[in-house]
Amino acid sequence: MDEDSTAEHIALQARDVTFDWSALPVHWIPGEPFATHLLDVLHLLLPEGERWFVRVFSAALPLVEDPRLAEDVRGFIGQEAMHAASHQGVLDHFAARGLDTGPYVEQVEWMFRQALGERDLTGDAAREWLVERVALIAAIEHVTAFLGQWVLGSRGLDAARTDPTMLDLLRWHGAEEVEHRSVAHDLLVHLDSRYSRRVRALLPAVPILFRLWAKGTAFLLARDPEPSRPRWRDLRRAARLDLCPAAGPLLRSLAAYLRPGYHPSQHGSTDTAVAYLATSPAARAADARAAGGEEHAA
């Protein structure tokens, strides 16, 4: 377990980052098509998924009675909206180079807009459906915080000479996932503190997420300039090279979520996230633009 050493509360901020994808190669991890497409699934899943996060948390915000938690929820909403826009930029780049991701993305859109969208409910039933979706997001955020901590520390991605712009996107996003990793959990506990509610949400969230990831990887590999099919040995090799998380740490992370005393602050390091955000080219450029705008306004 990686204990957080940052005791003070951090005010979450949405960083208005931009990325230039014009020079992005198809295999942005050189010579590693499987690992590239395994991580490319993020760009297919996240734009619509994180817009759903924003919709659900915006609906839940009026129910928050704690001012500090309300501030965190607003910061979370801002960060997730920027994540969605940034990954959408990669998706738009895929379309510009002739990769039609529509057949896969339409399934993702159906899940978040229809299956997990608003229903014709009122009163207690509407609140129950809202809290159930908050619980699902809390479970997903546990996984994304784990992925964020992994990408911040992956030496394999550096050793493989990963495209620097894509690596910055992944690490900027990962750092913010670590930075706000407690918000969804705290919101859920504020609305419904039952252990059964929290754990029950993890049971469908994880297999659905893994299934979507496997289908997305297969979808992208089939449309590669040199098409192939995903193989277990490719996944094991990528994990061995630290180009994706290994199964052992992931399973231990999921097991930690099942502990009655679990809290996200016990896992991951805010210090590591803040340190990366202080050096990230995209985050630094966003901070400089924001500072320039403030000076101009003054």
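Taken together, the values in this text are just the output of simple stated rules run on the coordinates, not laboratory data. All values derive from a computational prediction rather than experimental measurement. Here the Cβ positions follow ideal geometry from the backbone for every residue, glycine too, while neighbour counts run over all protein chains shown.
Brief remarks on what is shown
- For Ile208, Ile140, order by how many other beta-carbon atoms lie within 10 Å, fewest first: Ile208, Ile140
- Among [x] 18.3; [y] 16.4; [z] 15.2, the entry derived from the coordinates for mean projected area of the Cα convex hull in nm²: [y]
- Relative contact order (%) - segment 33-297, alpha-carbon pairs under 8 angstrom, separation at least six: 27 percent
- Furthest towards positive pole of dipole, Pro260, Phe76, Pro227, structure part the chain, Cβ charges: Pro227
- Extension reserve of the Ala246-Asp20 stretch, reckoned as 0.36 nm per residue once the Cα distance is removed: 78.4 nm
- Along principal axes, Cα extents of segment 102-174, largest first, whole Å: 53, 28, 14
- With the highest mean first, a sort of the peptides 81-91, 151-161 on other beta-carbon atoms found within 10 angstrom per residue produces 81-91, 151-161.
- Glu71, Glu32 arranged by Cβ crowding within 10 Å, fewest neighbours leading: Glu71, Glu32
- Förster radius 30 Å - calculated FRET efficiency between Glu109 and Glu132 (Cβ-Cβ, nearest 0.05): 0.90
- Helix runs (DSSP H) in the chain reaching 20 Å along axis by Cα, Kyte-Doolittle at least -0.5: 33-60, 67-96, 123-153, 164-179, 195-222
- Approximating the spin labels as points 7 Å out from Cα along Cα→Cβ, the Leu258-to-Gln13 distance works out to 4.1 nm.
- Taking 7 Å steps out from each Cα toward its Cβ at Arg289 and Arg200 produces label points 4.3 nm apart.
- Value at 222 nm in deg cm²/dmol, rounded to 500, when DSSP H runs of n ≥ 4 in the chain each add -39,500 (n - 2.57): -22500 deg cm²/dmol
- Pairwise label distance in nanometres, Leu121 with Arg68, each label 7 Å out on the Cα-Cβ vector: 3.0 nm
- Qualifying trypsin sites (Lys or Arg not before Pro) in segment 31-107, where qualification requires a DSSP coil assignment and no more than 15 other C-beta atoms within 10 Å, comprise Arg97.
- Measuring r between the beta carbons of Asp192 and Glu226 and using R0 = 41 Å, the FRET efficiency lands at 0.25.
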